[in-house]
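Written out below as structure tokens is the structure these notes cover.
Only the coordinates and a few stated rules stand behind these numbers; no lab work does. Being a predicted model, the structure only gives us computed values, none of them experimental. Cβ coordinates were reconstructed from backbone atoms using ideal geometry, including for glycine residues, and neighbour counts include every protein chain displayed.
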Amino acid sequence: MSTTLGVPWRGVGAWLWYADLGGSTQQIIAVAQAAHLGWLVEKYSDGAGWGDESNPTIFRDQFRATRAAFAAAGRAVGAYGYLYLVDPVGEAQAIAQAVADGADFLVFDVEYEAIGRMEPAARFFTVLWGALPRRVPLAFAPDIRILVGNAPPPWSASSVNLMAEPWPWQTFLAHCDAVMPQLYSTDFGVSMSEAFGLVQAYRAAVSAQGWDDLPVVPILPATASVAEVVVGLRLAQQMGLPGVSLWREDDMPSDLQEAIARFAWGGAMDESELAAIGQQIFHGGAGVDFNPTAALTAVWIQAWRDGHYLGRPRGPEFDAGRWRCQEFERGIAWAEKANWANRGYDLRQAVATQ
């Protein structure tokens, strides 16, 4: 589905299952800040309910208790629900309530229970659209091995087997704004590079079937080695994917947090970096000095402070500390344009480069 909504899942995010596994709310925020996470996905519903066997509302309660603090810390906060598609009406109504509770986006964790459930999947979305109090971005997070009929690795574009385990791919692709494939290399017993072969299989299926070509935002295991997670980050960027996320936040040790921050995909930028990069881009690319107090540069500065980086400039690349940047086209003075988004350079849709 095409959407004009802002995309919340650029850069790196992380998932929260039982939030208290990650400690207090402030401890979770500290991890997000240390790793330069731009977004969090917190469990809200399980099937048609909001809890587990011990506490029927634990997931909804934890979301309500933490969302405001996460948002105040500058993070987009999504809610996810596990779908069984046994009660599509109740499941749709349960996760839709997260939007009333402030969710910036929704993710549907939908896996093997959905095999063969084409009609319930369609019913789920019919009810969901009627239950949502406002439109938010939607994504779904499948075990992508279903696409290859759970064939053993290695996986590639030739591995697709849609008949082995029929799954409502077309329905979810038609209604969602992104797909978040689970690339749990540690569970699959493969390397991160081998797990990314499933992305190639997915893209091959989209092309062959004529499905909606949604952005791919892989979920990587936080239990993988730091080196393997970095491999995943690099592969995602090389493939031109908008972002990745880590399952789960409470499994992210300090060395992994530091490695993600050093990777600088969606990470915070300090004042000296802002000044150096701004001057290089504006003066070197557009021929005008960068004035951080000028009104016409306010939207650019705010986008960089918020972690949204311009990915559409043309011109020579240059290194600026931990950042790999590009100059603007010569002859185009972006600083003279009050709204550069009108020229097709929407900073909210931008991508970090390194």
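Some values worked out for this structure:
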quantity: Qualifying trypsin sites (Lys or Arg not before Pro) in the stretch 62-128, DSSP loop, other Cβ atoms within 10 Å at most 15; calculated: none
quantity: Placed amide H near TYR80: partners under 5 Å, 5+ positions off or other chain; calculated: GLU42, LYS43, TYR44, SER45, VAL107
quantity: Estimated vicinal HN-Hα couplings, Hz - the stretch 217-222 in sequence order (Karplus 6.51, -1.76, 1.60; Gly, Pro = x); calculated: 10, x, 9, 9, x, 5
quantity: Interchain or long-range residues, amide H under 5 Å from ASN161's placed H; calculated: VAL148, GLY149
quantity: Residues with amide H under 5 Å from that of TRP167, placed H, sequence gap 5 or more; calculated: GLY116
quantity: Cα-based shape type of the stretch 126-271, given that a ≥ b ≥ c are square roots of the gyration tensor eigenvalues and the cut on a/c is 1.5; calculated: oblate
quantity: Whole-Hz ³J(HN,Hα) from phi, Karplus 6.51 cos²θ - 1.76 cosθ + 1.60, for the stretch 102-118, glycine and proline x; calculated: x, 4, 7, 7, 10, 10, 9, 7, 9, 10, 6, 4, 8, 4, x, 9, 5
quantity: Whole-Hz couplings from phi, Karplus 6.51/-1.76/1.60, listed for the stretch 147-160; x for Gly and Pro; calculated: 5, 10, x, 6, 5, x, x, x, 10, 7, 4, 8, 8, 4
quantity: Protection proxy ranking of 247-254, 209-216 - average other beta-carbon atoms within 10 Å, highest first; calculated: 247-254, 209-216
quantity: Sites matching trypsin sites (Lys or Arg not before Pro) across the stretch 127-235 that sit in DSSP coil, with at most 10 neighbouring C-beta atoms within 10 Å; calculated: ARG134
